[in-house]
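Taken together, the values in this text are just the output of simple stated rules run on the coordinates, not laboratory data. This one's a predicted model, so the numbers in the text were calculated from it and none came from an experiment.
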Amino acid sequence: MTDIKHDISIAAAPNQVYNAVSTYEGVAGWWTKQCTISPTQGGKCHFAFPAKDGRMEIAADVSALESDRQVSWTITENDKHASWVGTSVNFAIAPDGDGSRLVFSHAGFNGTPKLMTQYDQGWQMFLGSLKSYVETGTGKSPY
């Protein structure tokens with residue numbers, strides 16, 4: 001099994017990072033404005049992205065939600081990348097000096113998907129957008 005993992009420092013309090021990954025306003029600021037998020041454990045999320053071959057749709061369940069510490073989504077649908085179904089996207093947040101440490105993982109792939117390098121590069125870009133959004137108020141996502 002192959003996982004994507006990233007560990008980043010963010011110059012902001014844990015509650016700011018948590019809000020960025022657990023609310024519509026936050027996720028719309030760094031990932032995609034085309035989303036719905038139910039900020040409760042067991043809630044449903046939907047994310048959409050324009051793509052060259054049509055719109056990409058992702059659905060997820062909120063599988064873990066611990067205020068200022070953790071957000072996890074279990075992917076239930078991805079119409080462009082079936083290898084995502086059943087995987088988990090995890091944001092673990094901890095205080096780190098005057099800021100926060102975010103440990104991100106996208107885990108549970110069955111084997112190594114053919115596009116794993118692109119998935120990892122995509123998450124690197126979006127995590128940079130998340131960092132920018134939390135630190136400056138402006139994300140860098142094209143969506």
What three numbers, in Å, describe the spread of the alpha carbons of the chain along their principal axes, ordered from the longest? 41, 29, 29
So what J values fall out for the range 128-142 if you push phi through Karplus, 6.51 cos²θ - 1.76 cosθ + 1.60 with θ = phi - 60°, rounded to Hz, Gly and Pro as x? x, 5, 4, 4, 4, 4, 5, 7, 10, x, 10, x, 10, 6, x
Okay, helix-only estimate at 222 nm for the chain: each DSSP H run of n ≥ 4 adds -39500 (n - 2.57), divide by all residues, round to 500 deg cm²/dmol; what do you get? -8000 deg cm²/dmol
If amide H atoms are modeled at 1.01 Å from N in the peptide plane, then the residues at a separation of 5 or more from Asp96, or on another chain, having amide H under 5 Å from its own are Arg101
